[in-house]
Amino acid sequence: MHSLNMSVKMTMTKLSNHHTACLGCAQIVAARLVIDQLGPNTIVVNATGCLEVTTTTYPHSAWQVPWIHSLFANAAPIGSGIDAALDYLTINNKKKSIPRPTVLVQGGDGATFDIGFGALTASWSRGDNLLYICYDNEGYANTGMQASLSTPSLAQASMKTKYNKYLNKRDMIAIALAHKVPYIAQTNIAFPLDLKEKIAKAQTIKGPRYIQILVPCIPGWKIKLSDQMTIARLASETGLYPLLEFTEGQLTKKMAVPKPTPPVKEYIRNQGRYSHLLNNDTDLKIFQNMADDNIKKYNL
Ligand SMILES: Cc1ncc(C[n+]2csc(CCOP(=O)(O)OP(=O)(O)O)c2C)c(N)n1
Ligand code: SF4
């Protein structure tokens, strides 16, 4: 009976357990929430990165939906090609009876903030009908956590020789807003209901949609698995990683931070990548100011 239940559960999810990710990897959990919310009528394009590498170890695949791997730089253009092919099929009535699939393009922050950035913003400018998800673990996890433009300025990362203390990670939400992307959201694996609601809402909107999900990386952030969700939650509760939603350019949803608001020191305490900050009040203050600026900017 037990094994029967197990097999039923396994077939219900569209991202099965047949992956090689680290035990408890938040990105896998987030990806499963995303695909299960979207449902079986989804075509996935996956940029190079941990999610791609760990879910499709040749000759296996953990995906129970049509899935294609792209190069680092061209996930969005492949999605655009699929969108154009679906347009062709619709116009020619070749697949009249089948509801149009959702085209999901997904990648890490390296693929999104850096290497696929130009191609992604071009797809926004064209107005392609794509849901783009960035699993943001704030670095190039799959190759040993090199810094990306999403790595917070004060975090340690490999191959990072200097940092700009005053400019935090690239503001992809502001960049998406500047491109008039109709649906833009920022969420966090520690808030799974918020995540699922945002995916569900994105599915009701046509055109480009961008959702960024904070997913801690256990080795990359030098954290314990048991601390992972507390740390993720504090990222939003301190104001550093606010939960936001913009529909047609208007702020339509946000999560207020708790009052009193936990200090950033609480967030960094158990993260090895910030160990150098714990006794550096000057840099810590700069980091705290970044959180406070968000609280002020979005009236959290
Ligand atoms: C053009 C190119 N440069 C570098 C690599 C090597 N590479 C493979 S995965 C990866 C890191 C991916 O980082 P990110 O997109 O943030 O996803 P994560 O692994 O963190 O989920 C790198 C650098 C590559 N495959 N292609
Ligand atoms: S290195 Fe990080 S992102 Fe990659 S599988 Fe492990 S926990 Fe997940």
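Residues in segment 17-46 that are in a helix (DSSP H, G or I) and away from ligand 2 (no atom under 16 Å from the Cβ) were compared, and the one that is nearest to the chain's Cα centre (by Cα) is ILE35. Put simply, of ASP128, ASP109, ASP114 the only residue that is of a type outside the set (Phe, Trp, Tyr) and without any contact (Cβ under 8 Å) to a residue 40 or more places away in the chain is ASP114.
Counting only helices (runs of 4 or more DSSP H) wholly contained in segment 180-281, the ones carrying 1 or more residues that are of a type in the set (Gly, Ala, Ser) and closer than 30 Å to ASP128 by Cβ occupy 192-203, 228-237. When we screen ILE82, ILE98, ILE115 for residues that are buried (at least 18 other Cβ atoms within 10 Å of the Cβ), of a type outside the set (Gly, Ala, Ser) and more than 16 Å from ligand 1 (Cβ to nearest atom), the only hit is ILE82. Among the residues of segment 47-69, those identified as in a loop (DSSP other than H, G, I, E, B), of a type outside the set (S, T, N, Q) and within 16 Å of ligand 1 (Cβ to nearest atom) are ALA47, GLY49, TYR58, ALA62. Summed over segment 112-161, residues that are under 28 Å from PRO182 (Cα atoms) and outside any strand (DSSP E or B) total 27.
On the given criteria, is LEU23 surrounded by fewer than 17 Cβ atoms within 10 Å (Cβ to Cβ), within 13 Å of ligand 1 (Cβ to nearest atom) and aliphatic (A, V, I, L, M)? No: the conditions fail for LEU23.
The lone criterion from (1) surrounded by fewer than 19 Cβ atoms within 10 Å (Cβ to Cβ); (2) away from ligand 1 (no atom under 15 Å from the Cβ); (3) over 22 Å from GLY79 (Cβ atoms); (4) in contact (Cβ under 8 Å) with a residue 40 or more places away in the chain left unmet by LEU193 is number (4). Each residue in segment 70-111 was checked for being assigned to a helix (DSSP H, G or I) and not acidic (Asp, Glu), and 17 of them qualify. Just to verify a result, which residue in segment 248-274, among those that are of a type outside the set (Lys, Arg) and touching a Lys or Arg at 6+ places or on another chain (Cβ under 8 Å), is farthest from TYR140 (Cα to Cα)? Residue satisfying both the conditions and the ranking: GLY249. Filtering ILE133, ILE175, ILE211 for residues that are of a type outside the set (D, E, K, R), at negative phi, away from ligand 2 (no atom under 16 Å from the Cβ) and crowded, with 19+ Cβ neighbours inside 10 Å leaves a single hit, ILE211.
Among the conditions (1) of a type in the set (S, T, N, Q); (2) surrounded by fewer than 22 Cβ atoms within 10 Å (Cβ to Cβ); (3) within 19 Å of THR112 (Cα to Cα), the only one that SER226 does not satisfy is (3).
Bear in mind these aren't lab numbers, they're just calculated from the coordinates by the rules spelled out. Fair warning: this is a prediction, and the values are worked out from it, not measured in the lab. Using ideal geometry, Cβ is built from the backbone for each residue, glycine included, and neighbour counts are taken over all protein chains shown.
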